[in-house]
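Please treat every number below as a calculation from the coordinates, not as lab data. Small disclaimer: the values here were computed from a predicted structure and weren't measured. Here the Cβ is made from the backbone with ideal geometry for all residues, glycine too, and neighbour counts use every protein chain on show.
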Amino acid sequence: MAVHIPYIDKPNPVTGVTNAKLGIWLFLASEVMLFGALFSALITLRLGVNDWPHGYEVLNVPLATLNTVVLIFSSVTVVMAWAALKMNNLKQFKTYMSLTLLMSFIFLIVKAIEYGSKFSHGISPATSNFYAIYFVITGLHGLHIIGGIIVNAYLLGPGSKMWSVEPERFTGRIECAGLYWHFVDLVWIFLFPILYLL
Amino acid sequence: MAHHEMPFWKKYIFSTDHKVIGLQYGITATFFLLFGFFLMILMRWQLAYPGAEIPLIGKALTETGAMTPELYNALGAMHGTIMIFLGVVPMGVGAFGNYLVPLQVGACDMAFPKLNMMSYWVYFVGGVIMMASFLMPGGAAASGWTSYPPLSVISNNAQTVWLISMVFLITSSLLGSVNTIVTAIQLKAKGQNFMRWPIHVWAQVTTAFLLLLAFPPLEAAAVLQLADRVFGSSFFLPSGLVVSGEKWAAAGGGNPLLWQHLFWFLAHPEVYVLILPAVGVVCEIVTANARKPLYGYKTMVYSILFLGFMSFIVWAHHMFMTGMGVTLSSFFQATTMIISIPSVIILTTILLTLWGASIRFSVPMLFATAFLPMFAIGGLTGLPLGLTASDIHLHDTYYVIGHFHYVVAPGTLFALMGGVYYWYPKFSGRKMNETLGKIHFWTSFVAINFVFMPMFFMGSKGVSRRMYDQTVYTHGAATQSWNVVMSTAAFVLLFAQIPFIYNMFTAWKTGKKVENDNPWDATTLEWAASSPPPHENFPTPVEVYRDPYSYSPTTGKVLPQFAPQEG
Amino acid sequence: MASEHMTLEEVKKHTRTYWVIFGALLVLTAVTVAISYVHLPFFWAVVLALVVASTKASLVALYFMHLISEKTAIYLTLGLTAVLFVFLIVIPWMIPWAEVRGWFVS
């Protein structure tokens, strides 16, 4: 459409942020409440029973540790991708964003191995509430990873055409995608010890 | 401009123009409101004449033609769900919010037009899914709009479809709230600082924050309930659950109260989502038709913000009867009493605006002034419910139904209908028929009080809600004659909407054209745009010079926000 | 300053910071896994796990998400969210489990 909306590449002088920056933080605030509710459910369920297993007894801690390192590394690569654009280096952006995507896929593959191992032993959400909350929370987190993959892949691929016409706006998009990705990492930083190490 | 060469489907169906999207929300929501009303008409027939065959369509609904308990429960659950999530919120937030907020802050559109379009279509798909649930085996969801487990988990009907639909509706809402907040804060016109926002904008932004932060816990809870139903988990199923004499096959270890807490964590702020846009609309109509500035603008703003915040910490007053201890219930009783303060302040500032005013009783003003006592009754009847001692007697009775319907039906819906009459010239360039409007108002106002007022008496006598035949109990049989009154009034109320619907759809083509862009001689920014506004709203950027309600009651001089001159 | 008008030098300094933070996060991950092998009493295990996780999260939020130099509008949004998050997390103690009877619920 032909309407010209201000503050999509330059920040609003009063608030100091672009529309997308404010928008993504508002969205992340709602995501905090979403995962917060699930953590609240986890605590509720745990307090209610006597036979809650220790995560390290029934889940694969080494694989999950690997996933933690992979995800943290992907957080670094996605912010480096943004920094590359700030330094006008499209090629470096593409390298770092590709690395981020690679890490995301590794995370999902490891998750698939974990899930597969559980299913092959006949363990499902119906087995007990420990497994139920494990599958639901990590499952929802996994869906968020997939969402991030779709966005990042688009920005690496067809979306990167915007760099040649509106570089500031494109850099802003990468920053916002990065903020979402860091949030996904943040959730895992709490999920990992709470589910696997306690 | 390329806009004129756009094909019909892009200009009107998949439009990113907030005005088109606002109208789409309005039309869709109107349909759902009428459908939800129709569901209640079926229930009111049964309540007035228990066991009687439903006229015309009875045989199509059940084998005998009379209401069954299962159908009654489904109608009740779907009436509540459809009215709240498909009707009132999309009307108040999706229609009024979308159409007016960009105009009232002086912006050319919402901050994220494509996101705006998506939020409408996600709502639409959610609505289709919800409606499709009526056709599923086992019938539509029938565990109340509150979907309490274990019943909702074990029931053999389209509860799963209800949950999936809710995920769509919540997503639509989240996208919309981000848009509203960013638009109002980032895109306001030059000179339009926060304390010059119309109250309607304050109300919509606060509402958007409520939706943004309160809906996710319900989304989480819906996912958990979906897991219980589809994957066999036991988030909400306690150990040792017995259904129809047999042990329910699940691992157990869950708790139904977890659902209640997560549900009400949303559902309480949700009721303020229902009322706040209406309060904003009433402020706009009252100031323009009383020709007076709002009494206590800053007080109103702070009350709305305080109300919004408090709405997050009162939720367990819906759960006083779940066995909670005195410490917890005292906390929620206290916060509930405190939240009544900003509510009263809001009502009082509007009331005081009328004092010494030069009131023009146009049709919108009739609805806006009626809102005040109606909302007052709704609010006052909330007090015995918020006090734990009296709630023991009144919880789950018709008193509750009377209370919340007063705030939503003659409260919010009256305000929004007034808003339709008020802004109709803005979005169509024509006025709705005044006579039809007056018939609509007076018939609705009388009928609606006869529908809901008796509920307080019935509830005080202990008549329970969600019963398809109240005569099975002596105390219910004693008040049965009231049911006939209420059902008759409900039918009258239904017919009273006909002039409104007819008026709304015909005035578009045959209504009296307005002589200028600002037929009410109002002061807020939307009246600076032409009626209807062009695609970009303000071809020349609009600038704000003063407070939103600069009417002078003594001299009669009106200084719109957007007019530079003092004279 | 956050992320908008930065010179090349400032961006380069930031990238160095990112790698330092990455190192810190790896160390903290190792620490939290190591602690889990000690099998502390449940209460202390939870406290320590949350302290380490919060530290890691703060590093990601402050440096990767540039929160250390963000604007008031963002801080206000997050502040409000934090308050409401606390209420969400308090819910479990509102539910009368036999074990917790006598804490919040009397």
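Miscellaneous remarks
- Spatially close Lys pairs in chain A, defined by Cα atoms under 17 Å apart and a spacing of eight or more places or different chains, total 7.
- About the centre of its Cα atoms, region C:1-70 shows a dipole size close to 220 debye [charges on the beta carbon of Lys, Arg (+1) and Asp, Glu (-1) only; nearest 20 debye].
- Remark on B:T397: its backbone amide H falls under 5 Å from those of B:R465, a criterion applied only to residues 5 or more positions apart or on other chains, H modelled at 1.01 Å from N.
- Projecting the Cα atoms of A:Q92, A:G147, A:Y196 onto the charge dipole of chain A (Cβ charges, centred on the Cα centre) puts A:Q92 farthest toward the positive pole.
- Eligible lysines near B:K11 by straight Cα distance, threshold 16 Å, same-chain separation 8 or greater: B:K19, B:K114
- Near A:I72, once Lys and Arg are set to +1 and Asp and Glu to -1 for all other residues with Cβ below 9 Å from its Cβ, the sum equals 0.
- What the phi angles of region C:66-71 give under the Karplus curve with 6.51, -1.76 and 1.60, with θ = phi - 60°, is a coupling list of 6, 5, 5, 10, 8, 9 Hz, glycine and proline written as x.
- Angle in degrees between helix A:167-191 and the longest Cα principal axis of chain A, rounded to the nearest 10: 10 degrees
- FRET E, pair A:L143, C:W93, Förster distance 41 Å, beta-carbon r, rounded to 0.05: 0.90
- Between 0 and 90°, nearest 10: helix B:326-354 axis offset from chain B longest Cα axis: 30 degrees
- Between amide H atoms placed 1.01 Å from N, distances below 5 Å from C:I95 occur with no residue 5 or more places distant or on a separate chain.
- Between the residues A:G23, A:L45, A:F119, the greatest Cα displacement towards the positive end of the dipole of the protein assembly as shown, with unit charges on the Cβ of Lys, Arg, Asp and Glu, is found for A:G23.
- As a length-normalised measure over Cα pairs under 8 Å and 6 or more apart, the relative contact order of region B:296-391 settles at 37 percent.
- Based on Cα contacts under 8 Å between residues 6+ apart, chain B shows a relative contact order of 16 percent.
- Length added when fully stretched, B:W121-B:V326, from 0.36 nm per residue minus Cα-Cα: 69.2 nm
- In order along region B:56-61, phi translates into HN-Hα couplings of 6, 10, x, 5, 6, 8 Hz, rounded to whole numbers, per the Karplus curve 6.51 cos²θ - 1.76 cosθ + 1.60 with θ = phi - 60° and x for Gly and Pro.
- Per-residue Cβ neighbour rank within 10 angstrom, fewest leading, B:D17, B:D547, B:D521: B:D521, B:D547, B:D17
- Inter-site label distance for C:T55 and B:A249 at 7 Å from Cα along Cβ, in nm: 5.0 nm
- Chymotrypsin sites (Phe, Trp or Tyr not before Pro) restricted to DSSP loop in region B:470-530 with at most 15 other C-beta within 10 Å: B:Y473
- Dipole magnitude for region A:19-197: about 480 debye, using +1 per Lys or Arg Cβ and -1 per Asp or Glu Cβ, origin at the Cα centre.
- Residue-averaged 222 nm ellipticity for the protein assembly as shown, from DSSP H runs of 4+ at -39500 (n - 2.57), nearest 500: -21500 deg cm²/dmol
- Scalar couplings 3J(HN,Hα) for region B:423-438, obtained by applying the Karplus form with A = 6.51, B = -1.76, C = 1.60 to θ = phi - 60°, are 9, 3, x, 5, 8, 10, x, 10, 9, 6, 5, 5, 5, 4, x, 5 Hz; x denotes Gly and Pro.
- Partner aspartates and glutamates whose Cα lies under 15 Å from the Cα of C:K56, excluding those fewer than 8 positions away in the same chain, are identified as A:D185.
- Each Lys and Arg Cβ is given +1 and each Asp and Glu Cβ -1; about its Cα centre, chain B then shows a dipole of about 860 debye.
- Projecting the Cα positions of B:A77, B:L262, B:L274 onto the charge dipole of chain B (unit charges on Cβ atoms of Lys, Arg, Asp and Glu, taken about the Cα centre) puts B:L274 furthest along the positive direction.
- Average Cα contact separation per residue, region B:515-567, under 8 Å, 6 or more apart, as relative contact order %: 37 percent
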